[in-house]
Amino acid sequence: MTVAENLEMGAYTLKSGHEIRERTGKVFQLFPVLKERRHQRAGTLSSGEQQMLTMGRALMLEPKLLLLDEPSFALSPNYVDIVFEKVEEINEDGTTVVIVEQNARMALEYADRGYVFQIGEIFLEDRAENLLENEEVKRSFLGEE
């Protein structure tokens, strides 16, 4: 399927073509590269562009909550930055975002609050800036001595 078809699939519960076009426009505004590639097959996009498409498809129904699992996985450093900047924009527009992420430093730099899990249980929870300064978090999860 193309980028545009993928976005339309994300709006599967909407009946109005006008509403689908409006929301597609919002996604294209957030991710301009997707607009440029709207006729391109999604499978030919870079991994970063595919991640943006996945997020865009989820945003088509204007969710109140967006859950992201490893949004930086297998992305180039440039795309990691772009994806997290877009996550921040999505949150600023009023959508609550919950991220599960191995890149703890990056996630905490963009988060309001963080939860550190260890062996399936919450090990620590606090405001993100406090976790970034926590000596145990630095040593055990951020690779700092």
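Read-outs: derived from the displayed coordinates by stated rules, not from any lab. Because the structure is a prediction, the values reported are computed rather than measured. Glycine also receives a Cβ, built like all others from the backbone with ideal geometry; neighbour counts cover every protein chain displayed.
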Which residue out of VAL33, VAL87 is part of a helix (DSSP H, G or I) and either buried (at least 19 other Cβ atoms within 10 Å of the Cβ) or in contact with a strand residue (DSSP E or B) (Cβ under 8 Å, 6 or more places away or on another chain) (or both)?
VAL87
Suppose we filter LEU132, LEU66, LEU61, LEU53 for residues that are closer than 30 Å to GLY17 by Cα and either over 13 Å from the mean Cα position of the chain (by Cα) or polar (S, T, N, Q) (or both); which single one remains?
LEU61
Report, ordered by the first and then the second residue, all pairs with beta carbons closer than 6 Å, sequence separation of six or more or different chains, a first member in segment 36-47 that is assigned to a helix (DSSP H, G or I), and a second member that is buried (at least 16 other Cβ atoms within 10 Å of the Cβ).
ALA42/VAL3; ALA42/ASN6; ALA42/LEU53; SER47/LEU75
What number of residues within segment 4-30 are surrounded by 12 or more Cβ atoms within 10 Å (Cβ to Cβ) and not in a helix (DSSP H, G or I)?
2
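Yes or no, residue by residue, for (1) without any contact (Cβ under 8 Å) to a residue 24 or more places away in the chain; (2) within 30 Å of ASN6 (Cβ to Cβ); (3) part of a helix (DSSP H, G or I):
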{"residue": "GLY56", "(1), (2), (3)": "no, yes, yes"}
{"residue": "LEU61", "(1), (2), (3)": "no, yes, no"}
{"residue": "PHE73", "(1), (2), (3)": "no, yes, no"}
{"residue": "ILE122", "(1), (2), (3)": "yes, no, no"}
{"residue": "SER140", "(1), (2), (3)": "yes, no, yes"}
Can you tell me which residue in segment 92-120 is farthest from GLY56 (Cα to Cα), limited to those that are assigned to a loop (DSSP other than H, G, I, E, B) and more than 20 Å from the chain's Cα centre (by Cα)?
ILE119
